[in-house]
Each structure stands twice: as C-alpha cells, then as structure tokens.
Amino acid sequence: MKYAFLSEDGKKELIEIINMLLREYERNEEETEDCCRCYRLPYRNEEFEAFVTEGEKNKVIDLAIALMEELKSLANSTYTKEDLNQLLSQVNGEPSAIKSTLLMESIQTPNIKALVAEAAETVRVGGAYLMFVARPEIAQLLFVTLYGMIDKFDDEIMYDSSTFLITRGILNMHKCPVTEDEMEKEKNA
C-alpha cells in the first residue's frame, strides 16, 4: 500500500497538535534569561527536562515531521513488515551494541541521516555524546517507529503519536534527567 504524504495543511495541523501536546509539559510560565522554555517530558520510562527556545522547539517539530515523512517514504518503497522482522531478528541476535546500532541505522537514507544531524545541531548535541549516546538512541527510535508504523501510516492517531514520540526523542538528545528525589520533592511541595 502506498501512503500519501502530508499536505501543507496537514503539516500545519500536525504542528498545532504537537505544540498543544508540548504545552501540557511546559514547566515555566516565563522564558528564562536565554529565552528558553523548560519542558518536562516522559520518554522511555523516565522523565527528562529539555530547555529550548521557541525557534529550536519549532525546528524540532519540523524535523520530527520530516523524519516521519521519510519513514513513510521507506514504507512506500523499500521495506515491508517481513523485511523489518528479518532485520529485527538480526538486531536482537547481535551481542554487540555497536553492531546492533549499525543494523538499526541501516534503514537510514541520506535524507534521514541529514535530518538527524540537523536535529543534533538544533538541540546542541555533538562529539562523543552524540556518537555513543544520542545517535544510538535516535537510531533505535527511528527503527522502532518504522517497525510499528510500517503498515499503519494511514492511522492518523498513530501517526500523530509517533511524530510526538520522535519530537520527544529529539529533545531527549540533550536532556537533563529528572531524579526520583526531584519528583518526590515536587509531590510533597
């Protein structure tokens, strides 16, 4: 099945949805000195805080949508559920974390790699942290998203939810972890 790409109106609507969802996680009413806003977001059974300007937030949302559209392109032309099941078997059978990451990255086209690099730059991540922490996490996120969406890109709710997941994944690249002590203090305050 070939999936249609988002129209400009569809992109605008999705941007509004993601902004609405992010507002639910906004921590401060005012911008900080450096014009950043704080978002405390759930991701992978934990919470983290991300500090981004309005421009960075908007760029992250645009990149998340672009990444979803690239994954949709892969579903339209390159991969089937069976192909991804075979690749997943290889990933799960690989004892080396590095080789496992490389297998997951094998789905990434030059466009996806460029978008991931732009995302890292947008959230101010680079060097060894990008190479050994953020990049493998994004590779896994994109692989799992494609795997979950391969035959569901026409499901609007799943599409929107997956785009929000990728948005959080990009913001997670430059996260400030929230400790259980911090969460407990807030509950008791």
Over segment 79-108, the set of residues of a type outside the set (A, V, I, L, M, F, W, C) and in contact (Cβ under 8 Å) with a residue 12 or more places away in the chain is Tyr79, Thr80, Lys81, Gln90, Thr101, Glu105, Ser106, Gln108
Note on Asn172: of the conditions (1) within 17 Å of Val125 (Cα to Cα); (2) surrounded by fewer than 16 Cβ atoms within 10 Å (Cβ to Cβ), unmet is (2)
By residue number, the members of segment 172-181 that are within 15 Å of Tyr39 (Cα to Cα) and of a type in the set (D, E, K, R) are Lys175
For the structure I just gave you, tell me whether Asn76 is part of a helix (DSSP H, G or I), exposed (fewer than 15 other Cβ atoms within 10 Å of the Cβ) and in contact (Cβ under 8 Å) with a residue 40 or more places away in the chain. yes
Here the qualifying pairs (Cβ atoms under 8 Å; residues six or more apart or on different chains; first in segment 1-18 and at negative phi and among the basic types (Lys, Arg); second buried (at least 16 other Cβ atoms within 10 Å of the Cβ) and modelled with pLDDT of 95 or more) come out as Lys11/Ile65
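Against the condition under 19 Å from Met131 (Cβ atoms), touching a residue at least 40 places away in the same chain (Cβ under 8 Å) and not hydroxyl-bearing (Ser, Thr, Tyr), how does Leu71 come out, does it pass? Let's see the steps before the verdict.
Values: under 19 Å from Met131 (Cβ atoms): no; touching a residue at least 40 places away in the same chain (Cβ under 8 Å): yes; not hydroxyl-bearing (Ser, Thr, Tyr): yes.
Considered against the rule, which asks whether it is under 19 Å from Met131 (Cβ atoms), touching a residue at least 40 places away in the same chain (Cβ under 8 Å) and not hydroxyl-bearing (Ser, Thr, Tyr), Leu71 comes out as no.
Given the condition under 25 Å from Ile17 (Cβ atoms) and of a type in the set (A, V, I, L, M), answer yes or no: does some residue in segment 90-103 qualify?
No, segment 90-103 contains no residue that is under 25 Å from Ile17 (Cβ atoms) and of a type in the set (A, V, I, L, M).
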Within segment 62-89, residues under 30 Å from Glu16 (Cα atoms) and among the charged types (D, E, K, R) come out as Asp62, Glu69, Glu70, Lys72
When Thr122 is run through (1) free of Cβ contacts under 8 Å to residues at least 60 places away in the same chain; (2) over 25 Å from Gln86 (Cβ atoms); (3) buried (at least 21 other Cβ atoms within 10 Å of the Cβ); (4) among the β-branched types (Val, Ile, Thr), the failure sits at (1)
With criteria (1) out of contact with any Ser or Thr (no Cβ under 6 Å at 6 or more places or on another chain); (2) within 20 Å of Ala134 (Cβ to Cβ); (3) in contact (Cβ under 8 Å) with a residue 12 or more places away in the chain; (4) not hydroxyl-bearing (Ser, Thr, Tyr), Arg37 comes up short on (2)
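The values are calculated or read from the model by the stated rules, or taken from the named source; none is laboratory data. In this text the structure is predicted, and so the values were computed from the model without any measurement. Note that each Cβ is placed from the backbone with ideal geometry, even for glycine, and that neighbours are counted across all protein chains shown.
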